[in-house]
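Colleague: Structure below; questions to follow.
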Amino acid sequence: MYEQISHSLLNEILNALKPAIKRKHIRHFYTRLGANFFGMYTLFHKLYGHRDDCDKQMYRLVETMAKQYINRSAEHKAIDIDREKDYDWFMSQKWVGMSLYTEGFAGNLKKLQSKIAYFEELGINLVHIMPLLHCPEGASDGGYAVSNFRKVDPNMGALEDIRSLSHILREHGILLVLDVVMNHSSNEHEWAQKAQQGDPVYQDYYYVFEDRHLPDQYEANMPEVFPESAPGNFTWDEAMGKWVMTVFNNYQWDLNYSNPAVFIEMLNIILFWANQGADIVRLDAVAFLWKKLGTAGQNEREAHLVLQLMKDCCQVTAPGVLFIAEAIVAPVEVVKYFGEDVVIAKECELAYNATYMALLWDAVATKNTKLLHEGIKNLPLKLERASWLNYLRCHDDIGLGFDDLDIERAGYNPKAHRHFLLEYFTGAYGDSSARGMKFGQNSKTGDARISGTLASLVGLEAALARSNEKEIDEAVKLILLLHSMILSFGGIPLIYNGDEIGTTNHYEYVKDVRKDRDNRWLHRPTIDWDKAAKRHQHGTVEQRIFDALKKMIAVRKAIPVFADLNNRELITVDNPHLFVFLRTHPQDFMSSVLVVGNFDASPQYLDLSALDLWQQAQYSSMKDLYSGEKTKDDRLRIPAHQFYWLAMQP
Ligand code: GLC
């Protein structure tokens, strides 16, 4: 019965389409619309069915999608069709990503094209360009406070430069990832300005309140994201004479998705960027999309419905385009952003694996894998056609969002352990050589997160300052060990620009008034290309890291079981310094690869003959696929901070 209602509505909508749309030959669009419409209708009604204008808005939704489909180039439509046929294309081990700020990496979009050879040299074939849209100077949150969702920052280039970059990247087989900051806009966005001028239509685009009555009630349950720089979740707007919800900075106004007009605007923007050539769209801060009184305003059921509806609409209009969920939340919550049902509730194909990232840092600090093992053991299963983005560093801070129960199971007290990690990574603990800074300190809760580059956090900065060769060597090994973990885990590894040449903290950010109050700029580097050139000079730190990563990437691409096909088994071993997992092949056990990482600063041993799974196989020796070394010894010796990717030899 419900399907009949949606079918008849679809007929009405199609009849009412403007002649200019009807005249177009858009067969694929109609096919996909027909296939998805019942789901779209159901979701739209769940979100907006209580409103009188619900069906009217549904007309607008379909019209928006049809127009963007018509705008989509023949080249992109052909890619859509190819990817529909080869639907698991992104699960392959062939993809290796890098994320970067255009300004720091290359200067501007045109110059970025000249870095394609660098990507190719390392083996990068997916590039995430951090947001580069128009933002107010000095109130941009690193590009995440957008004042025009369709205008490129003129210092970086123009729309045309993105189109040509996407085109040339594609010619080189490189995917382009672009951000859509969908949770909020800048207070200087046209919508916010109209709201400030008193336009009720645009005030309804945001969460606007006459007085503190409701904001106070919201505040009772909402945590603070930037407690130091932007305490509270509401800002008084003088021009409007009202309070507005600002969960992040006070100049970032939260968009109100309970208004279908906002949903349609943002869908239009996502499809716009899909049509400029984004292969993947990174959806920022998705956990925050729906606010409800009496809740923390994160991970609400409706936020998922919004994403499911976005996915359905995108599948109809630009099906080749994937979504990344940026949801830095508890493991049980993160997996929900993949969707909870392939048929009726798909969301984002990719999501940041913040859990693994933070757990790896825990193993660095503790030199053991107790919490890492516990955390990964309890990482919930994800949908089949979904994959992780595995990373070590990104432009944001490192949050210590471990599950308290996991911390306890690993034998620590959660509060004391988090305190230890903060002390360790800021170099305050014992002889720690990490050089990070605390970010987002909350004096009320005592919580904080960590800023700093990978190289500085593993001790390379301190070792270089002391010119201590042994320590430099240890730090380089740790950098490689960590990368070996994200390259073999299953999912797309995302290397952070600069890490491939051991870039240390960028302290000069304090001299820039646009950045000095946000120490995340400590690890948003301006790449020193003279330093990068040292990768060709034998024996330099740059060469040792770059060449090793380059080799690791090439080896990864040649190991089919490194594709993410839900083929990872965590192995429990006696030695607490080792992290061990098996990547398996569904039919051919002999193609499995055993990944072993030693997080301790001294050699460790693993008794292979004690591994149940390993005993199933008949093998005469094992070969480390990275170094090519063979071993016949059942008692495997793993040197300090080293890893193995072990394959069985018949
Ligand atoms: C995302 C971004 C972060 C930004 C925040 C608010 O988490 O990664 O850099 O500060 O959203 O836009």
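The values are calculated or read from the model by the stated rules, or taken from the named source; none is laboratory data. Just so we're clear, the structure is a prediction, and the values are computed from it rather than from any experiment. As a convention, Cβ positions derive from the backbone with ideal geometry for all residues, glycine included, and neighbour counts pool all protein chains shown. Only protein heavy atoms, including side chains, enter the accessible area calculation; ligands, DNA and RNA are left aside. Shrake-Rupley method; radii C 1.70, N 1.55, O 1.52, S 1.80 Å.
Colleague: Any idea which of (1) more than 16 Å from the ligand (Cβ to nearest atom); (2) under 14 Å from F44 (Cβ atoms); (3) out of contact with any Ser or Thr (no Cβ under 9 Å at 6 or more places or on another chain) is the one Y257 doesn't satisfy?
Modeller: (1)
Colleague: Would you please list the contacts, defined by Cβ atoms under 7 Å and residues six or more apart or on different chains, that run from a residue in the range 530-541 that is without any contact (Cβ under 8 Å) to a residue 40 or more places away in the chain to a residue that is polar (S, T, N, Q)?
Modeller: K534/T540; K534/Q543; R535/Q543; H536/Q543; Q537/Q543
Colleague: Right, here's the next one. Which helices (runs of 4 or more DSSP H) does the range 1-98 wholly contain that include 1 or more residues that are hydroxyl-bearing (S, T, Y) and in contact with a helix residue (DSSP H, G or I) (Cβ under 8 Å, 6 or more places away or on another chain)?
Modeller: Details: elements: 2-16, 19-22, 27-48, 54-71, 74-85.
Result: 2-16, 27-48, 54-71.
Colleague: Determine, yes or no, whether A285 is of a type outside the set (F, W, Y) and either more than 22 Å from the chain's Cα centre (by Cα) or surrounded by 24 or more Cβ atoms within 10 Å (Cβ to Cβ) (or both).
Modeller: Working: of a type outside the set (F, W, Y): yes; either more than 22 Å from the chain's Cα centre (by Cα) or surrounded by 24 or more Cβ atoms within 10 Å (Cβ to Cβ) (or both): no.
No; evaluated as a whole, the condition is false for this residue.
Colleague: Please determine whether any residue of the range 192-214 is more than 16 Å from the ligand (Cβ to nearest atom), over 30 Å from M437 (Cα atoms), open to solvent by 40 Å² or more (accessible area, probe 1.4 Å) and aliphatic (A, V, I, L, M).
Modeller: There is at least one residue in the range 192-214 that is more than 16 Å from the ligand (Cβ to nearest atom), over 30 Å from M437 (Cα atoms), open to solvent by 40 Å² or more (accessible area, probe 1.4 Å) and aliphatic (A, V, I, L, M).
Colleague: Okay, next question. Do the conditions hold for Y202, that is, is it touching a residue at least 24 places away in the same chain (Cβ under 8 Å), aromatic (F, W, Y) and under 23 Å from M266 (Cα atoms)?
Modeller: Details: touching a residue at least 24 places away in the same chain (Cβ under 8 Å): no; aromatic (F, W, Y): yes; under 23 Å from M266 (Cα atoms): yes.
Here the answer is no, as Y202 does not meet what is asked.
Colleague: Something else: Run down L381, L422, L392 and say which single residue is open to solvent by 60 Å² or more (accessible area, probe 1.4 Å) and of a type in the set (A, V, I, L, M).
Modeller: Working: L422 fails: open to solvent by 60 Å² or more (accessible area, probe 1.4 Å); L392 fails: open to solvent by 60 Å² or more (accessible area, probe 1.4 Å).
Answer to the selection: L381.
Colleague: Here is a follow-up. Please find, among K77, K111, K67, the residue that is of a type in the set (D, E, K, R) and either within 30 Å of E542 (Cα to Cα) or without any contact (Cβ under 8 Å) to a residue 12 or more places away in the chain (or both).
Modeller: On the way: K77 fails: either within 30 Å of E542 (Cα to Cα) or without any contact (Cβ under 8 Å) to a residue 12 or more places away in the chain (or both); K67 fails: either within 30 Å of E542 (Cα to Cα) or without any contact (Cβ under 8 Å) to a residue 12 or more places away in the chain (or both).
Result: K111 is the single residue among K77, K111, K67 that is of a type in the set (D, E, K, R) and either within 30 Å of E542 (Cα to Cα) or without any contact (Cβ under 8 Å) to a residue 12 or more places away in the chain (or both).
Colleague: Yes or no: E629 within 30 Å of the chain's Cα centre (by Cα) and open to solvent by 10 Å² or more (accessible area, probe 1.4 Å)?
Modeller: When the stated conditions are applied, E629 does not pass them.
Colleague: Any idea which of L636, L613 is over 25 Å from W361 (Cα atoms), in contact with an Asp or Glu (Cβ under 9 Å, 6 or more places away or on another chain), open to solvent by less than 50 Å² (accessible area, probe 1.4 Å) and modelled with pLDDT under 95? Explain how you work it out, then say what you get.
Modeller: On the way: L636 fails: over 25 Å from W361 (Cα atoms).
Answer to the check: L613.
Colleague: Name the residues in the range 123-157 that are under 19 Å from I280 (Cβ atoms) and either surrounded by fewer than 21 Cβ atoms within 10 Å (Cβ to Cβ) or among the aliphatic types (A, V, I, L, M) (or both), would you? Even if it seems obvious, please write down each step before you answer.
Modeller: Within the range 123-157, the subset under 19 Å from I280 (Cβ atoms) is 123-133, 143-144, 146, 149-150, 152.
Answer for the range 123-157, where residues must be under 19 Å from I280 (Cβ atoms) and either surrounded by fewer than 21 Cβ atoms within 10 Å (Cβ to Cβ) or among the aliphatic types (A, V, I, L, M) (or both): G123, I124, N125, L126, V127, I129, M130, L132, L133, V146, R150, V152.
Colleague: Here is a list: G104, G143. Which entry is within 16 Å of the ligand (Cβ to nearest atom) and touching a Ser or Thr at 6+ places or on another chain (Cβ under 7 Å)? Outline the logic, then answer.
Modeller: Values: G143 fails: touching a Ser or Thr at 6+ places or on another chain (Cβ under 7 Å).
Only one candidate qualifies: G104.
Colleague: Let me ask something else about it. Can you spot a residue in the range 330-341 that is within 14 Å of the ligand (Cβ to nearest atom), open to solvent by less than 10 Å² (accessible area, probe 1.4 Å) and under 23 Å from P380 (Cβ atoms)?
Modeller: Step one: list which residues in the range 330-341 are within 14 Å of the ligand (Cβ to nearest atom), which gives 334, 337.
Retained after the next criterion (residues that are open to solvent by less than 10 Å² (accessible area, probe 1.4 Å)): 334, 337.
After this cut, where a residue has to be under 23 Å from P380 (Cβ atoms) as well, the list is 334, 337.
Yes, the range 330-341 contains at least one residue that is within 14 Å of the ligand (Cβ to nearest atom), open to solvent by less than 10 Å² (accessible area, probe 1.4 Å) and under 23 Å from P380 (Cβ atoms).
Colleague: Something else about it: Only one of T584, T572 is touching a residue at least 60 places away in the same chain (Cβ under 8 Å), more than 24 Å from A475 (Cβ to Cβ) and among the hydroxyl-bearing types (S, T, Y); which?
Modeller: Numbers: T584 fails: touching a residue at least 60 places away in the same chain (Cβ under 8 Å).
Only one candidate qualifies: T572.
Colleague: Here are the criteria: (1) touching a residue at least 40 places away in the same chain (Cβ under 8 Å); (2) farther than 30 Å from F489 by Cβ; (3) among the acidic types (D, E). Tell me which single one E121 does not satisfy.
Modeller: Here E121 meets the rest and fails (2).
Colleague: While we're on this one: Given the criteria surrounded by fewer than 16 Cβ atoms within 10 Å (Cβ to Cβ), within 15 Å of the ligand (Cβ to nearest atom) and either closer than 28 Å to E349 by Cα or modelled with pLDDT under 95 (or both), does P231 qualify? Lay out the reasoning, then the answer.
Modeller: Details: surrounded by fewer than 16 Cβ atoms within 10 Å (Cβ to Cβ): yes; within 15 Å of the ligand (Cβ to nearest atom): no; either closer than 28 Å to E349 by Cα or modelled with pLDDT under 95 (or both): yes.
Criteria not met by P231.
Colleague: Residues that are more than 26 Å from L122 (Cα to Cα): list the strands (runs of 3 or more DSSP E) wholly contained in the range 537-650 that include at least 2 such residues.
Modeller: Working: elements: 568-570, 578-583, 593-598, 604-607, 621-624, 635-638, 643-649.
Correct list: 568-570, 578-583, 604-607, 621-624, 635-638, 643-649.
Colleague: Can you name the residue in the range 432-443 that is touching a Phe, Trp or Tyr at 6+ places or on another chain (Cβ under 9 Å) and not in a strand (DSSP E or B) and is also modelled with the lowest pLDDT among such residues?
Modeller: G440
Colleague: Give the residue that is most open to solvent (accessible area, probe 1.4 Å), with candidates limited to residues of the range 234-254 that are outside any strand (DSSP E or B) and within 16 Å of the ligand (Cβ to nearest atom).
Modeller: So the first thing to find is which residues in the range 234-254 are outside any strand (DSSP E or B), and the list is 238-241, 246-251.
Adding the requirement that they be within 16 Å of the ligand (Cβ to nearest atom) leaves 246-251.
On the way: T246: 3, V247: 4, F248: 24, N249: 16, N250: 79, Y251: 42 Å².
It comes out as N250.
Colleague: Is it true that F402 is away from the ligand (no atom under 16 Å from the Cβ), of a type in the set (F, W, Y) and touching a residue at least 24 places away in the same chain (Cβ under 8 Å)? First the steps, then the outcome.
Modeller: On the way: away from the ligand (no atom under 16 Å from the Cβ): yes; of a type in the set (F, W, Y): yes; touching a residue at least 24 places away in the same chain (Cβ under 8 Å): yes.
Taking the combined requirement at face value, the residue satisfies it.
Colleague: Specify which of the listed residues (W290, W273) is of a type outside the set (D, E, K, R) and either touching a strand residue (DSSP E or B) at 6+ places or on another chain (Cβ under 8 Å) or farther than 23 Å from T42 by Cβ (or both).
Modeller: Values: W290 fails: either touching a strand residue (DSSP E or B) at 6+ places or on another chain (Cβ under 8 Å) or farther than 23 Å from T42 by Cβ (or both).
Of W290, W273, the one residue that is of a type outside the set (D, E, K, R) and either touching a strand residue (DSSP E or B) at 6+ places or on another chain (Cβ under 8 Å) or farther than 23 Å from T42 by Cβ (or both) is W273.
Colleague: How about the range 162-190: which of its residues are open to solvent by 20 Å² or more (accessible area, probe 1.4 Å) and either away from the ligand (no atom under 16 Å from the Cβ) or touching an Asp or Glu at 6+ places or on another chain (Cβ under 9 Å) (or both)?
Modeller: Taking the range 162-190 as the starting set, the residues that turn out to be open to solvent by 20 Å² or more (accessible area, probe 1.4 Å) are 163-164, 167-168, 170-173, 187-188, 190.
Answer for the range 162-190, where residues must be open to solvent by 20 Å² or more (accessible area, probe 1.4 Å) and either away from the ligand (no atom under 16 Å from the Cβ) or touching an Asp or Glu at 6+ places or on another chain (Cβ under 9 Å) (or both): R163, S164, H167, I168, R170, E171, H172, G173, N187, E190.
Colleague: Residue under question is L122, and the condition is that it be within 16 Å of the ligand (Cβ to nearest atom), under 30 Å from W521 (Cα atoms) and not hydroxyl-bearing (S, T, Y); does it hold?
Modeller: Working: within 16 Å of the ligand (Cβ to nearest atom): no; under 30 Å from W521 (Cα atoms): yes; not hydroxyl-bearing (S, T, Y): yes.
Considered against the rule, which asks whether it is within 16 Å of the ligand (Cβ to nearest atom), under 30 Å from W521 (Cα atoms) and not hydroxyl-bearing (S, T, Y), L122 comes out as no.
Colleague: When you look at A35, is it open to solvent by 30 Å² or more (accessible area, probe 1.4 Å) and over 20 Å from A345 (Cα atoms), yes or no? Quick ask: steps written out before the conclusion?
Modeller: Details: open to solvent by 30 Å² or more (accessible area, probe 1.4 Å): yes; over 20 Å from A345 (Cα atoms): no.
Taking the combined requirement at face value, the residue does not satisfy it.
Colleague: Ok, one more. Go through the range 444-461 and count every residue that is touching an Asp or Glu at 6+ places or on another chain (Cβ under 7 Å) and aliphatic (A, V, I, L, M).
Modeller: Final tally of qualifying residues: 3.
Colleague: Right, next: Scanning the range 289-325 for residues that are open to solvent by 20 Å² or more (accessible area, probe 1.4 Å) and acidic (D, E), which turns out nearest to Y257 (Cα to Cα)? Outline the logic, then answer.
Modeller: Kept after step one, since they are open to solvent by 20 Å² or more (accessible area, probe 1.4 Å), are these residues of the range 289-325: 290, 292-296, 298-302, 315, 319.
Checking the rest, the ones that are also acidic (D, E) come to 300, 302.
Values: E300: 12, E302: 9 Å.
So the residue we want is E302.
Colleague: One residue is enough: does the range 73-84 have a residue meeting the conditions of a type in the set (K, R) and either open to solvent by 50 Å² or more (accessible area, probe 1.4 Å) or within 24 Å of L271 (Cα to Cα) (or both)? Steps first, answer last, please.
Modeller: Filtering the range 73-84 for residues of a type in the set (K, R) gives 77, 83.
Applying the additional criterion that residues be either open to solvent by 50 Å² or more (accessible area, probe 1.4 Å) or within 24 Å of L271 (Cα to Cα) (or both) yields 77, 83.
Yes - at least one qualifying residue is present in the range 73-84.
Colleague: Do we have T42 as exposed (fewer than 13 other Cβ atoms within 10 Å of the Cβ), of a type in the set (S, T, Y) and within 28 Å of R83 (Cβ to Cβ) here? Can you show your working first?
Modeller: Numbers: exposed (fewer than 13 other Cβ atoms within 10 Å of the Cβ): no; of a type in the set (S, T, Y): yes; within 28 Å of R83 (Cβ to Cβ): yes.
Here the answer is no, as T42 does not meet what is asked.
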